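Derivation of every value follows stated rules applied to the coordinates shown; laboratory data play no part. Bear in mind that the values here come from a model prediction, so they are computed numbers and not experimental data. No Cβ is skipped: glycine too gets one built from the backbone with ideal geometry, and neighbour counts run over all protein chains shown.
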Amino acid sequence: MTHFNIDIVSDTVCPWCYVGKKRLERAIATHQQAHPADTFSTTWYPFYLDPTAPTPGEDKQARYARRFGAERTALMQQRLAQIGAAEGIYFKFGGRTGNTRDSHRLVQLGKTKSPAIQTRVVEELFAAYFENEKDITDRAVLKEAGVAAGLEGREVEEWLKGGKGGKEVDEEVEGARRKFISGVPNFTVNGKYEVGGAEDPAAFLEVFEEVKRAER
């Protein structure tokens, strides 16, 4: 039996992080068909794709057009829609975008409970932002996501209002920078084997097999 601990560096407004999560899950399911005794756990770490993004959020399309140009934005979104659909993600591109620090603080609260709760928080945030066009700079939206993930509503309110988790988020963002992680998603398996980007499941499966070979 092998246990795989996977550290994931991600931003809550990173579409490729959502795609990468789905592909990782497919790889895990495939691996466990062949190795049913093997176990997996994940830990999520923060990253800021756009540290200058505002709070409260602003119109998503307007900000993307300024950053990337309208034509490039349209092409990127068309590609994402196609790739997302293949992974069961139905990307929508309306709504607002902004600073992600508070959403990472919510993920940090999930981390204090369990790896499973932390992952559920990440899932709820991805779905809210990418599929339901919600503004995850809005603390009411964050509370809704936290409660849906299994957190207690009042604790979420107090956590966000009190600035809790901010120090840890800032330290972990800096930790990713010190590891020369400049893009997300970034996956590290058992502290050693790295997969950068939203790779196909085959890339993860190759790493899982490499870990098992190293144990023999």
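Between the helical axis of 70-86 and the dominant principal axis of the chain, each derived from Cα atoms, what acute angle in degrees is found, rounded to the nearest 10?
Roughly 40 degrees, rounded to the nearest 10.
For the chain, take the longest principal axis of its alpha carbons; what is the angle in degrees between that and the long axis of helix 166-178, to the nearest 10 within 0 to 90?
On a 0 to 90 degree scale, this one is about 60.
Counting only other residues whose beta carbon sits under 12 Å from that of Ala86, what net charge do I get with K and R as +1, D and E as -1?
Taking every other residue near Ala86 into account, the sum is +2.
Only Lys, Arg, Asp and Glu count, each charged at its Cβ (+1, +1, -1, -1), so figure out the dipole size of the chain about its Cα centre, rounded to 20 debye.
Using only the charged Cβ atoms, the result is roughly 240 debye.
Can you give the extra length, in nm with one decimal, that the chain gains between Ala140 and Lys192 once fully stretched, where that is 0.36 nm per residue apart less the Cα-Cα distance? Don't skip to the end; give the middle numbers.
Numbers: separation 52, 0.36 × 52 = 18.72 nm, distance 3.83 nm.
Gain in length upon complete extension: 14.9 nm.
What FRET efficiency comes out for the pair Arg213/Asn5, r = Cβ-Cβ distance, R0 = 25 Å, nearest 0.05?
FRET efficiency, Arg213 to Asn5: 0.90.
State the Cα centre-to-centre distance between the range 103-168 and the range 170-192 in whole Å.
When both Cα centres are located, 21 Å separates them.
So what's the net charge close to Gly150: Lys and Arg +1, Asp and Glu -1, counting the other residues with Cβ under 12 Å from its Cβ?
Values: positive: Lys113, Arg120; negative: Glu123, Glu124, Glu152, Glu155.
In short, -2.
Taking 7 Å along the Cα-to-C-beta vector as the label spot, tell me the Glu133-Leu205 distance in nanometres, rounded to one decimal.
3.8 nm
Restricting to DSSP H runs of at least four residues, report the calculated mean residue ellipticity at 222 nm for the chain, -39500 (n - 2.57) per run over all residues, nearest 500 deg cm²/dmol. Please report the intermediate quantities before stating the final value.
Working: 9 runs with 118 residues, N = 216.
The per-residue figure over the chain is -17500 deg cm²/dmol.
Holding the Cα-Cα limit at 21 Å, pick out from Lys21/Lys111; Lys113/Lys212; Lys60/Lys111; Lys111/Lys167; Lys113/Lys164 the pairs that are longer than that.
Lys113/Lys212; Lys60/Lys111
Could you tally the net charge around Tyr64, taking each other residue with its Cβ under 12 Å from the Cβ of Tyr64, Lys/Arg +1 and Asp/Glu -1?
Counting the neighbours of Tyr64, the net charge comes to +2.
Report, for the chain, the % of DSSP beta bridges that are antiparallel, rounded to 5.
55 percent
What length, rounded to one decimal in nm, is gained on full extension from Lys179 through to Ala148, with 0.36 nm per residue of separation minus their alpha-carbon distance?
7.9 nm
What is the Cα coordinate range of the range 110-209 on the first, second and third principal axes, sorted by size from largest, in whole angstrom?
The principal-axis extents, from largest down, are 43, 29, 24 Å.
What full-extension length gain, to one decimal in nm, is calculated for Arg66 and Tyr90 as 0.36 nm per residue of separation minus the Cα-Cα distance?
Working: separation 24, 0.36 × 24 = 8.64 nm, distance 2.43 nm.
Taking Arg66 through Tyr90 to full extension adds about 6.2 nm, to one decimal.
How far is helix 115-126 tilted off the main Cα axis of the chain, in degrees rounded to 10, range 0 to 90?
Tilt relative to the chain: about 40 degrees.
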